[in-house]
Every structure is written in structure tokens, then in C-alpha cells.
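The values are calculated or read from the model by the stated rules, or taken from the named source; none is laboratory data. All values reported here derive from a predicted model rather than from experimental measurement. Every residue, glycine among them, receives a Cβ derived from its backbone with ideal geometry; neighbour counts consider all protein chains shown.
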Amino acid sequence: MRISKAILSIFLLTVFFSSFSLARGSEPDASIVIRQETLNRFLDTIGEVKKTDSFSIIGIKGEYTWTVKNPKIILTAGRARFQAEVTVSFKSLPVNYSTPAYGEVSIRYDSNENKINIKVEKVAFEVAFNVLGKRVVVGEVDISKIYQIAFSFPGPKPFESLVEVSLPDGSRKKIKIESVPVLVIEDGRIVVGSEINYTPIQ
């Protein structure tokens, strides 16, 4: 018995994508997994980031240098966030300190473009020092633009939207393939998938 090329293509597509799975209850027919370690290897490659800025406030002028180390994207159930370690040192003042920087990460699947887009939202920290027991804020630094994931991942949209199957009587049956996107953030990974529906066309 010969298997038609269209049926074989659907079978191979389903087997390939189904090697990745979601938690029971939201399991798609096809999915792609992006691991947390994959994203963080990209951020590690950027390396340490440092910049010196000047300030003038309440009659005090000077410079300060901020340094960002250990940027990470943390994936937990239903949430993606960014964190990093920041050190601030003032050139003209005996002030040095470390502060964490946090921010949210948006993860979206564009079904029209079949792309998974990952964007680090605002990640800000204050630059400040104390004078006579009073906290003086010099400014706020947003480092989110530095740590954008500079590429989009391909999504799990089926390659075909319509297939034809050859029947024993010599006729051909058309089947429409439709997909419904499913995106889940789990501990340590992003799972983007599709529920695939088959509809016969008369």
C-alpha cells in the first residue's frame, strides 16, 4: 500500500514538533521550546557594560560610573523577568554602592509573521547619594535597550495550509489545515505551540 506524499508530510511534521511537549491540559499538537539558558547565553556574550555620566545638582558637580554585570532572564510559571547587578561609583564623592536592577520581559507570538518576539521592557535604577542624612537622587538609568534579544525565533506554524489526499476511487480530497497559537511560560523555558485543526473541503 502506497502512502501519499501529503499524508507523509503531515505525519513527519507532527512527529517532529511533538517531540517537545507542554504540561498536561494545554498540550499543543506542534511546539517549539526556547530554554532560559539559550537566552542567557546571548546576554552573557554582551559582557560587562560600563558608562560614565556627569551630574550637577544642588550646587554639587561631578561624575559617576555605573557598571552592569550578570544580566539574566528568569523564566517562571507564567512570567518572564530580567535581573542584573549594578555598581555605582562617584568620582568626586566617597560613594560606592551596588544595587539590583529588575524589569519585565514580554514574550509574544506573531502568527502572521510566524515569529516569537522577546523584548526586555524598562529596567531602571536610581543613581543617588546622601548629604547630611538626606537622599539626593541624581537621576535614573534605563538599561533595557542594551539587553534586547536582537533576533526573533521561528514559530511552529504548519508549513502547509491545504493538502490533497488521493483516494482509491481516483478522486482527490482536499483538507484545510488551521492552527491556533498557544504560548506558555514555564519554569526555565518558553513553549510556543499550535493546536492543529483539519477540515475537509467539499
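Among the criteria (1) within 22 Å of Thr76 (Cα to Cα); (2) in contact with a Phe, Trp or Tyr (Cβ under 9 Å, 6 or more places away or on another chain), the one Val136 does not fulfil is (1). Output yes when any residue across region 147-164 is without any contact (Cβ under 8 Å) to a residue 24 or more places away in the chain, under 22 Å from Ser106 (Cα atoms) and of a type in the set (Phe, Trp, Tyr), and no when none is. Scanning region 147-164 turns up at least one residue that is without any contact (Cβ under 8 Å) to a residue 24 or more places away in the chain, under 22 Å from Ser106 (Cα atoms) and of a type in the set (Phe, Trp, Tyr).
For region 35-62, taking the residues that are part of a strand (DSSP E or B) and within 20 Å of Val123 (Cβ to Cβ), the one that is nearest to the chain's Cα centre (by Cα) is identified as Val49.
Checked against the criterion of being within 29 Å of the chain's Cα centre (by Cα), β-branched (Val, Ile, Thr) and at pLDDT 90 or above, the candidates Ile10, Ile74 yield just one match: Ile74.
Of the residues Val141, Val137, which single one is without any contact (Cβ under 8 Å) to a residue 12 or more places away in the chain, assigned to a strand (DSSP E or B) and under 21 Å from Thr52 (Cα atoms)?
On the way: Val141 fails: without any contact (Cβ under 8 Å) to a residue 12 or more places away in the chain.
Val137 is the lone residue from the list that is without any contact (Cβ under 8 Å) to a residue 12 or more places away in the chain, assigned to a strand (DSSP E or B) and under 21 Å from Thr52 (Cα atoms).
Checking the structure you have, find out if any residue of region 182-195 is of a type in the set (Gly, Ala, Ser), part of a loop (DSSP other than H, G, I, E, B) and assigned by TED's automatic domain parsing to the domain that holds Val49. No, region 182-195 has no match at all. For region 142-187, the candidate set comprises residues that are aliphatic (A, V, I, L, M) and within 22 Å of Phe42 (Cα to Cα); within that set, the residue that is surrounded by the most Cβ atoms within 10 Å (Cβ to Cβ) is Ile143. Take the residues of region 120-133 that are exposed (fewer than 15 other Cβ atoms within 10 Å of the Cβ) and part of a strand (DSSP E or B): which is modelled with the lowest pLDDT? Once the filter is applied, the top-ranked residue is Val131.
Quick grid of which residues meet (1) in contact (Cβ under 8 Å) with a residue 24 or more places away in the chain; (2) more than 22 Å from Glu126 (Cα to Cα); (3) assigned to a loop (DSSP other than H, G, I, E, B):
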| residue | (1), (2), (3) |
| --- | --- |
| Tyr64 | yes, no, no |
| Pro71 | yes, no, no |
| Phe82 | yes, no, no |
| Val88 | yes, no, no |
| Ala101 | yes, no, no |
| Ser106 | yes, yes, no |
| Asn112 | no, yes, yes |
| Ile116 | yes, yes, no |
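Consider Gly103 carefully, then state whether it is surrounded by fewer than 12 Cβ atoms within 10 Å (Cβ to Cβ) and of a type in the set (Gly, Ala, Ser).
Numbers: surrounded by fewer than 12 Cβ atoms within 10 Å (Cβ to Cβ): no; of a type in the set (Gly, Ala, Ser): yes.
No; evaluated as a whole, the condition is false for this residue.
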